[in-house]
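Remarks on the structure that follows.
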Amino acid sequence: MASTGMQIFGFVLALLGIMGATVATLLPNWKVSADVGSNIITAISQMQGLWMDCTWYSTGMFSCTLKYSVLSLPAYLQTARTTMVLCCVLAAMGLCLASLGLKCTRWGGGRRSKRHAAIASGGCFVAAGFLCLVPASWFTNEVITNFLDSSVPESNKFEPGGAVYVAFVSAGFLFVGGSIFCLSCSGKRHGPQDLVLLPPPDKLLLQQQQQQLLQQQELQHQYCSLSPLDNKTGYSLQDYV
C-alpha cells in the first residue's frame, strides 16, 4: 500500500473536494449578469443558482426567490441539481470508507479489509468528481452559448459565476484524492491468512538426510537378519549324497 502520508494527503484533498461541492451546490451565483453595453450603468445585479435567483439593488438591498417548480426549469439546470446532490452523497460515502482504509487508523479490520475499503473509497471519489464535473461543464456551455447569441438582449446576458469555478476545483480535488486511494492498493499482496509456514532450507535438508539414513539402516537390518539357508534359491545334489 501507499505510504501513510500519501493517503492522508489524498484524504485531505477529498475532504476539500466534498466541502467545495457542497458550497457550490448551495451558492446562488452559478451565473451573474454581464456588464456589457448599457448594462454597465444599470443599478441592479442579478445572480442565478441551482435553487434560487437573487437580485442586488443599488440601495444595498438583497432579495432572493426560490425556484419551487422543478418541471419549469431547463434540462441543464435539472441535471445540475441532481448530479450535484449525488456528488455530495457519493463523496460523503467515500469519506466514510476512506477513514476505514487509512493505514494510520486502528479500525477497519486487517490489511486486506483496509485495502478493499481504500479502493472502494477511491472509486467513490472519482465517481463524485465526474458527477461534479458534468453539471459545471454543461452549465458553463449553456451560459457561454447564450452570451454569444446575438438574438439575446444584452440585458439578459450572463457570465459564469464563482460557484462554477468552485465546482471545477472541487471536481479536481475529488479526482486526485480518489486516484491516490485507488493507486494505493494497486499491488497484490497476501495477508497473514495466506502465509504458508515452511521450515528453513537448512532444517529441511537435514530432515531429508535423516530420513534417508533411517531407510538405509532399516534395509541393512533386514538383510542381516536373513539366514544362509534362506538365501538358497534351489536344490543341490550334494544334499542327497
Subject >> Inter-part distance where the range 98-150 and the range 43-60 are each reduced to a Cα centre, Å >> reply: 31 Å
Subject >> Student exercise, the range 4-184 dipole from Lys, Arg, Asp, Glu Cβ charges, in Debye to nearest 20 >> reply: 1220 debye
Subject >> ³J(HN,Hα), Karplus 6.51/-1.76/1.60, whole Hz, each residue of the range 166-180, x for Gly, Pro >> reply: 4, 5, 5, 5, 5, 4, x, 4, 5, 5, 5, x, x, 5, 5
**OP:** Whole number in Å², please: accessible area per residue of the range 4-184, 1.4 Å probe, ligands, DNA and RNA not counted.
**Re:** 51 Å²
**OP:** With a ≥ b ≥ c taken as the square roots of the eigenvalues of the C-alpha gyration tensor of the range 4-184, please select rounded if a/c is under 1.5 and otherwise prolate if a/b is larger than b/c or oblate if it is not?
**Re:** prolate
**OP:** Would you mind checking which residues have amide H under 5 Å from Lys31's amide H? H placed 1.01 Å from N; only 5 or more apart, or other chain.
**Re:** Gln48, Gly161
**OP:** Quote to one decimal, in nm, the extra length available between Thr105 and Phe9 on full extension: 0.36 nm per residue of separation minus the C-alpha distance between them.
**Re:** 33.1 nm
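Please give the length that would be gained between Met19 and Lys67 if that part of the chain were fully extended, namely 0.36 nm times their separation in residues minus their C-alpha to C-alpha distance (nm, one decimal).
14.9 nm
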**OP:** Heavy atoms only, probe 1.4 Å: what % of the accessible area of the range 4-184 goes to carbon and sulfur, would you let me know?
**Re:** 70 percent
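The values are calculated or read from the model by the stated rules, or taken from the named source; none is laboratory data. Not measured: the values here are computed from a predicted model. No Cβ is skipped: glycine too gets one built from the backbone with ideal geometry, and neighbour counts run over all protein chains shown. SASA here: full protein model, heavy atoms, side chains in, ligands and nucleic acids out. Shrake-Rupley method; radii C 1.70, N 1.55, O 1.52, S 1.80 Å.
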